[in-house]
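What follows is calculated from the coordinates using simple rules that are stated; it is not laboratory data. Keep in mind the model is a prediction, meaning the values are calculated, not measured. Quick reminder, even Gly has a Cβ in these numbers, built from the backbone with ideal geometry, and neighbours come from all protein chains shown.
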Amino acid sequence: MDLKGKKIAVLGAGNLGIAIAQGIVEENLTEAKNIFLTRRHTEQIAHLAKDGFVLTSDNLEAVKASKIVMVCVQPKQLPALIDEINPVLTADHLLVSVITGVSIAEIKELLKIDCAVVRAMPNTAIAIGESMTCICAPDHAEHGIAVQQIFNALGQTLLIEEKMMQAATVLGASGIAFFMRYLRAATQGGVQMGFHSEEAQLIAVQTAKGAASLILENQQHPEVEIDKVTTPEGCTIAGLNEMEHQGLSSALIKGLMVSYEKIKNIK
Ligand SMILES: NC(=O)c1ccc[n+]([C@@H]2O[C@H](COP(=O)([O-])OP(=O)(O)OC[C@H]3O[C@@H](n4cnc5c(N)ncnc54)[C@H](OP(=O)(O)O)[C@@H]3O)[C@@H](O)[C@H]2O)c1
């Protein structure tokens, strides 16, 4: 979908809504003046006015002026928001929900008209065009592809079945926090070995980026890259095996599954 000149309403300009809006502008999909950022306390986003975004607490004005409506509020805030915008929503609007744990069927139940609803699950790296965004559009395949085009400019995307959305949330959205905790631990290890924290952080972060890029570019199994680093009787295999004795893989998988069980029970 060519967004040039199209107006977009981002309803709920919090962490994710702002990140999406900044990513869209950063990647030149459209200009900031075409993006309405709404929240009830607009003073909290006043600093974004200088970037050219239209800031307002008037959701109706934003929806009336836009073709694409991105819904970025917290799950419990959704019913009141949909109630508010129902009078101005039309069948021509494309509603994109990034809200965790709220199904398309549940959103449609709140709507008074039958407009296209697509779910997208990005992560906060969207602000720098590096999101992993999973998208589902069971009833509107063409809109799913259009939304995918938007998010393709903001990282990588995958069209998935809606039943996989919770797993995508854990792996892709919560995943940012999980990898951050690894980076913090690696930095702390580096400091204990004698680096200043900013030096240790740079080494840990660039190494993590390099490891991820190797897999993305070479499309290999991680173990192939591990084999290249582990000299027989060397320091890497000794450290790696100790991490496994201490339960590294097991802890990660268990953490993911606890997150997954939790998200399945959040209502
Ligand atoms: N953060 C992530 O990594 C991530 C990833 C994927 C999906 N998600 C999902 O994305 C959604 C937003 O997450 P977030 O972290 O960005 O939350 P957040 O920072 O709390 O943002 C929600 C925003 O919505 C605004 N809001 C609430 N009611 C509103 C209304 N009636 N009209 C206009 N604005 C309203 C709030 O501001 P006011 O109180 O000033 O109105 C707030 O700034 C959640 O549903 C979350 O599950 C988040």
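Using a Gaussian network model on the chain with a 10 Å cutoff between Cα atoms, which of Ile145, Ile253, Ile160 fluctuates the most? Per the Cα network of the chain with a 10 Å cutoff, Ile253 tops the list. Each Cα pair under 8 Å and six or more residues apart adds its separation to the average, and for the chain the resulting relative contact order is 14 percent. Restricting the calculation to Cα atoms, region 1-118 yields a radius of gyration followed by a Dmax of 13.2, 38 Å. Its convex hull of Cα atoms gives region 168-265 a direction-averaged projected area, equal to a quarter of the hull surface, of 7.4 nm².
The slack between Leu252 and Gln77, meaning 0.36 nm per residue of separation minus the straight C-alpha distance, is 59.8 nm. For the chain, leaving out every one of the GluC sites (Glu not before Pro) that falls in a DSSP loop and has at most 15 other Cβ atoms within 10 Å, the longest unbroken run is 32-129. Here Lys262 is the anchor, and the lysines within straight C-alpha reach of less than 27 Å, apart from those fewer than 8 places off in the same chain, are Lys76, Lys108, Lys163, Lys254.
In percent, rounded to a whole number, the relative contact order of region 168-265 is 24, using alpha-carbon pairs under 8 Å and six or more apart. Computed over the Cα atoms of region 62-210, pair by distinct pair, the Kirkwood hydrodynamic radius stands at 17.1 angstrom. Applying the Kirkwood pairwise sum to the alpha-carbon positions of the chain produces a hydrodynamic radius of 20.4 angstrom. Under the membrane-span-like helix rule (DSSP H runs whose alpha carbons stretch at least 27 Å along the helix axis, mean Kyte-Doolittle hydropathy 0.0 or higher), the chain yields 197-218. In region 142-159, which residues have a backbone nitrogen under 18 Å from the label point lying 7 Å from Gln219's Cα in the Cα-to-Cβ direction? In region 142-159, the label zone of Gln219 (backbone N under 18 Å from the point 7 Å along Cα→Cβ) covers 156-159.
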